[in-house]
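The values are calculated or read from the model by the stated rules, or taken from the named source; none is laboratory data. Just so it is clear, the structure is predicted and the values come from calculations on it, not from any experiment. All Cβ positions, glycine included, derive from the backbone under ideal geometry; neighbour counts span all protein chains shown.
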Amino acid sequence: MKLTPKERLIFALDVTSVQEVKRWVRLLKGYVEIFKVGKELFTACGPKVVEIIHKAGGEVFLDLKFHDIPNTVAKAGAVAAGLVVKMFNVHTLGGLKMMEAVRESVDKTCKRGRRPIILGVTILTSMDEKAIKQVGIQGPVKNRVLHLASLAKRAGLDGVVASPLEVKDIKKKLGKDFIAVTPGIRMPDSKPDDQHRTMTPAEAIKAGADYIVVGRLIREAKEPVEAVKKILEET
Ligand code: C5P
């Protein structure tokens with residue numbers, strides 16, 4: 001997918017109030033088009049934040065990582081589609097049937113209108129080999145990610161969320177049109193925080209990422225707009 005740097009950047013709005021949402025969206029207007037609403041913000045403020053972002057001219061990636069029985073996830077996906085978000089995600093570990101069910105229900109809900117991009121979360125970018133072993137998944141991480149991404153494609157999802165380290169292989173195996181969204185973005189001199197499988201914005205795009213998700217690198221910068229400009233320049 002050929003996108004501009006501005007179209008590729010997703011800002012993780014990991015805040016807990018409507019005031020902060022409005023402040024960030026206002027501050028980054030003109031530089032960021034897609035805002036990610038995750039579990040923290042959604043739990044604190046609910047679906048009204050999606051409306052607030054839309055009203056301000058932004059688009060939404062609803063990052064609630066649905067992981068439940070097929071019927072529940074299918075219904076949650078239809079509700080997400082009703083919010084007219086640009087993209088939302090489910091956990092690939094919920095299984096093939098769950099992913100097929102959500103895709104079918106969203107297709108039905110959006111028969112005539114625009115359908116959101118449905119992504120599968122593979123292995124969280126915060127998990128390394130040791131962490132996946134602890135939960136009973138045998139490594140190497142890359143193989144597991146590729147396996148789960150293939151399952152997502154088989155279910156008819158549009159792409160996956162994966163670490164930038166796996167993007168090249170995902171594109172090679174599943175084709176360049178299968179969307180790759182990558183969190184785990186850090187600068188060489190920034191602290192990794194809880195992320196383990198990271199790359200810089202430029203490296204992630206070079207590896208083939210269609211979208212990059214950036215949170216703390218921007219939110220915790222002394223000059224957030226400058227941080228965004230730097231990312232846009234290098235990607
Ligand atoms: O602050 P940072 O840039 O690490 O934020 C990354 C964002 O991407 C967080 O909101 C996190 O929930 C999200 N995310 C992730 N790994 C995934 C999926 C989403 O880090 N596999």
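Note on the stretch 25-41: residues that are within 13 Å of the ligand (Cβ to nearest atom) and part of a helix (DSSP H, G or I) amount to 3.
None of Pro224, Pro188 is more than 22 Å from Val141 (Cα to Cα) and modelled with pLDDT under 95 except Pro188.
Okay, residues lined up against (1) small (Gly, Ala, Ser); (2) touching a Ser or Thr at 6+ places or on another chain (Cβ under 6 Å); (3) more than 19 Å from Ile179 (Cβ to Cβ):
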{"residue": "Ala12", "(1), (2), (3)": "yes, no, no"}
{"residue": "Glu20", "(1), (2), (3)": "no, no, yes"}
{"residue": "Lys29", "(1), (2), (3)": "no, no, yes"}
{"residue": "Ile34", "(1), (2), (3)": "no, no, no"}
{"residue": "Ala44", "(1), (2), (3)": "yes, yes, yes"}
{"residue": "Val49", "(1), (2), (3)": "no, no, yes"}
{"residue": "Lys55", "(1), (2), (3)": "no, no, yes"}
{"residue": "Gly58", "(1), (2), (3)": "yes, no, yes"}
{"residue": "Leu62", "(1), (2), (3)": "no, no, no"}
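Taking the criterion of being among the aliphatic types (A, V, I, L, M) and either within 18 Å of Met87 (Cα to Cα) or in contact with an Asp or Glu (Cβ under 8 Å, 6 or more places away or on another chain) (or both), the residues of the stretch 177-199 that qualify are Ile179, Ala180, Val181.
The single residue among Leu93, Leu165 that is under 17 Å from the mean Cα position of the chain (by Cα), closer than 24 Å to Pro201 by Cβ and among the hydrophobic types (A, V, I, L, M, F, W, C) turns out to be Leu165. Scanning the stretch 6-23 for residues that are buried (at least 18 other Cβ atoms within 10 Å of the Cβ) and either closer than 17 Å to Val85 by Cα or away from the ligand (no atom under 13 Å from the Cβ) (or both) yields Arg8, Leu9, Ile10, Phe11, Ala12, Leu13, Val21. Among the residues making up the stretch 169-227, a single one is among the basic types (Lys, Arg), in a loop (DSSP other than H, G, I, E, B), under 22 Å from Thr122 (Cβ atoms) and more than 15 Å from the ligand (Cβ to nearest atom): Lys176.
State all residues of the stretch 162-183 that are touching a helix residue (DSSP H, G or I) at 6+ places or on another chain (Cβ under 9 Å) and either aromatic (Phe, Trp, Tyr) or crowded, with 23+ Cβ neighbours inside 10 Å (or both); if no residue qualifies, say none. Scanning the stretch 162-183 gives Ala162, Ser163, Pro164, Glu166, Val167, Ile170, Phe178, Ala180, Thr182, Pro183. Pairs meeting the criteria (first residue in the stretch 171-192 and among the basic types (Lys, Arg), second residue part of a loop (DSSP other than H, G, I, E, B) and within 10 Å of the ligand (Cβ to nearest atom), beta carbons under 8 Å, at least 6 apart or on different chains) are Arg186/Pro192; Arg186/Gln195; Arg186/Thr198. For the stretch 144-154, a residue qualifies if it is within 14 Å of the ligand (Cβ to nearest atom), small (Gly, Ala, Ser) and either part of a strand (DSSP E or B) or out of contact with any strand residue (DSSP E or B) (no Cβ under 6 Å at 6 or more places or on another chain) (or both), but none of them does. For the stretch 31-64, a residue qualifies if it is at positive phi and in contact with a helix residue (DSSP H, G or I) (Cβ under 9 Å, 6 or more places away or on another chain), and exactly one does: Gly57. Within the stretch 155-168, the set of residues being within 10 Å of the ligand (Cβ to nearest atom) and in a loop (DSSP other than H, G, I, E, B) comprises Ala162, Ser163.
Applying the criterion of being of a type in the set (Gly, Ala, Ser) and at positive phi to the residues of the stretch 184-234, the residue that is surrounded by the most Cβ atoms within 10 Å (Cβ to Cβ) is Gly184.
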